[in-house]
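The numbers here are math on the coordinates, done by the rules we state, and not lab data. Predicted model, so just to flag it, every value in this text is computed and none were measured. Here the Cβ positions follow ideal geometry from the backbone for every residue, glycine too, while neighbour counts run over all protein chains shown.
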Amino acid sequence: MKNYKLILNIVIALMLIGVISYIIQLTTGLVVTDMNNSYSWGLYIAGFAFFVGNAAGGMVLSASIYMFGLKALKPFAKIGALAAFANVIGAMLCVVIDIGQPFRLLNMLIYPNFSSPLIWDVIILSSYAVLSLLYFYVLRFPEIAPEKRILFKDVENAEEFSEKTAKTLAPIALLFAIGIHVVTAWIFATQGAREWWHSAVLAPDFVAVAVSAGTTLVFLFSIMVYGIKEEHKSAYKIMTRFISIAFFVHLFFMYNDFFIHAWYGNEHALHTLAVTLGDYWFVHLLEVVLPLMGILCLMKSKILTKAKVYRASFFILIGVLAHRFLIMPAAFNNLPLTISPMGQQNGNWEYPLASGRFMEGAELFITNHNYVPTFIEWSILIGVISTMTFVVVKWHKLAINK
Amino acid sequence: MRIGMVIDLEKCLGCRTCAVACKQHNAQPPGNWWNRVFTPGSKYHLIKPELGSQYFLPVSCQHCDNAACEKVCPVGATFYSKDKAVLVDYDRCIGCRYCMSACPYGVRQFNWEDPKETHKKIEWIEGGNNYGYQEEHKYDDRLVYSPIREKGIVEKCTFCVQYMDAGEKPACVRACTGEARVIGDLDDPNSEVSRMINNKGAYTLIPEKGTKPKVFYLPPKRKDN
Ligand code: SF4
Ligand code: SF4
């Protein structure tokens, strides 16, 4: 990486801003966000879903190498495992920044409630983090000087060992890579209260988005560390195919769900669509058009350049972040306690709830909240993104194939 | 014993005394309301909606038998008491707000900042005009009530656990001017609540969500005119 120092410094500066913002949030409470009692999850949980999604790519690629014999991807296996690890760290940080009592985080280990999908997710995410680190280590194994090895010290043929172990780990890694999305999706999909999430398509859709976004991220990182290389051409092709097919599958899942709801015409479901396609039409446009532009850019260009890959990945990832952002509005701006008042014909009346945010002159009982993340929220999230980038940039040298 | 409540909507005057009593007895900080009363169909409380008839609907935690909040709580901070009331352990809650999103009734309230700070906004002085029950209350050695909550935790209706444990009725039941609220044992077929439910056509709110609420409502009577 040419501008290694510069990138690292920028990333560290952004991390610091994030830390300062987080200290402010820690001392004053979550009032510094724009969330309230009715809109109780916001940018942080969107970021959580975003990072979990990005974490898939590496392992999916690695699994493809050993399970489906796509040898062309081999140079990217290590960078993939590293990206996976960095993103899981990002996801876990998102949980930490979101909760009101971060110092009680250990309660999750002391008093786990095994009926909670959040506990399942914490378990599977940490296993995935360990697994991707292990995978990274195994892939690097032959390059590590024998006296510096921490694990598997008495292995003799390092090359063979690495190859064999990677092969065994690949299917397990794939299982976990799919697992983290399914379980993360279940956090939302199990909530019968929220029409927008309570759908069987949510988990498959999370997997589709993840394959698309995760591969994009590995693509981006590989170009950053290797630059464009002639001998990687077929790998680029395969990755582009992964990204585009997965994204189209995602579009199919999403609009399939929309269509079924729209056709039946249940008022609650229509309302969720009205929020996503109406109030937030612009964000919806972004989530669809930006990735399509990125994919088109990757598919159409005969000669791939660094700039093109950067632009394309930027479009796709911003689009996916927009998609994650849209997890919330239609869920929270559609109150489950909506009743048809007695004596009315098919009325639809939302029962207002207390916002929990006392401000003089402001409406306290609300049914709708136009959520706009505050500066603090953005800077903390950007701090997490920088942390993730830091891990990759810092260790990228270890991930390069000599 | 399964503790439950019946609210007779014919008797409810919409005076909101229960909401105020609840707020004051349980020392809820400004901005948080465990108990709300509105006029269904109308934008303004106590104003007849454009269509339909005027009645009032108090809503607080429904103490569900299949409580979504309890199932999702990652640390078991939300738990069932022996009477199957749903309580929150203020010492254990990590403030993830999963329960708030999972509850279909919008009754869970979060402490977005230190309640002491919020109190200042209404010119409250520490040690001065304190309101609410002033002692901490533990149930099974778990902190289920404290007059000043910490920031970053969730709170909600407890059926006034601090009073019930002392053999008294919840504040809303005692305060209700229309005597519309009755609390009792749902498992006992002869209790007043059971008889009201069985004989007077009680219903629960949004039963399609499947949470099996233990707060029941008697519909207002038909008015012929
Ligand atoms: S009403 Fe909500 S908070 Fe109360 S028990 Fe039911 S799900 Fe939980
Ligand atoms: S906010 Fe507290 S009570 Fe609610 S689910 Fe999280 S830990 Fe449990």
Discussion item. Restricting to Cα pairs below 8 Å that are 6+ residues apart, what does the relative contact order work out to for chain B? Please round to a whole percent.
Written reply: 32
Worksheet item: Once the piece of chain linking A:I303 and A:E231 is laid out straight, how much longer is it, given 0.36 nm per residue of separation minus the C-alpha distance between them?
Response: 24.6 nm
Practice prompt. Given a cut-off of 18 Å, name the pairs among B:K48/B:K223; B:K11/B:K43; A:K5/A:K78; B:K84/B:K200 whose C-alpha atoms lie farther apart than that in the structure shown.
Written response: B:K11/B:K43; A:K5/A:K78; B:K84/B:K200
Worksheet entry | GNM flexibility winner over chain A from A:E195, A:E147, A:E231 (Cα, springs under 10 Å) | A:E147
Worksheet item: Taking Cα pairs under 8 Å and at least six residues apart, what relative contact order does region A:130-227 come out at, in percent?
Response: 19
Worksheet item: Based on the Kirkwood radius over alpha-carbon pairs, what is the Stokes-Einstein translational diffusion coefficient of region B:27-86 at 10 °C with 1.306 mPa s viscosity, in µm²/s?
Response: 111
Practice prompt. Go ahead and run the numbers for FRET between B:A166 and B:D187, Cβ-Cβ distance against an R0 of 22 Å, rounding to 0.05.
Written response: 0.50
Worksheet entry | For B:K212, net neighbour charge (Lys/Arg +1, Asp/Glu -1) across residues whose Cβ lies under 11 Å away | +3
Worksheet, complete the sentence: Per-residue average of other protein chain Cβ atoms inside 10 Å, peptide B:42-48 -> 1
Fill in: Rotationally averaged projected area of region B:81-157 (alpha carbon convex hull; nm²)
5.9
Worksheet entry | Dipole moment magnitude, nearest 20 debye, chain B about Cα centre, only Lys, Arg, Asp, Glu C-beta charged | 780
Worksheet item: Relative to the first principal axis of the alpha-carbon coordinates of chain A, what is the inclination of helix A:306-325, with its axis defined by its Cα atoms, in degrees from 0 to 90 and to the nearest 10?
Response: 30
Discussion item. How much length would be gained if the chain were fully extended between A:N3 and A:N256, taking 0.36 nm per residue of separation minus their Cα-Cα distance, in nm to one decimal?
Written reply: 86.6 nm
Worksheet item: Order of B:208-215, A:102-109, B:105-112, A:297-304 by packing, highest average Cβ count within 10 Å first?
Response: B:105-112, B:208-215, A:102-109, A:297-304
Worksheet, complete the sentence: Any GluC sites (Glu not before Pro) in region B:148-177 that lie in a DSSP loop and have at most 12 other Cβ atoms within 10 Å would be B:E168
Discussion item. Taking just the alpha-carbon atoms of region B:3-218, what radius of gyration and Dmax come out, in angstrom?
Written reply: 17.1, 50
Worksheet entry | Using a Förster distance of 22 Å, the FRET efficiency for A:E363-A:L277 (Cβ separation, nearest 0.05) | 0.30
Response to the item:
With Rg from the Cα atoms and Rh as the Kirkwood inverse mean 1/r over Cα pairs, region A:98-226 has an Rg/Rh of 1.07
Worksheet item: For A:I24 and A:N348 in the same chain, what is the full-extension length gain: residue separation times 0.36 nm, less their Cα-Cα distance, in nm?
Response: 112.6 nm
Worksheet item: Given C-alpha coordinates of the protein assembly as shown, what is the ratio Rg to Rh with the Kirkwood estimate of Rh?
Response: 1.03
Worksheet entry | Part-to-part distance (alpha-carbon centres) for region B:50-69 and region B:137-191, which is given in Å | 17
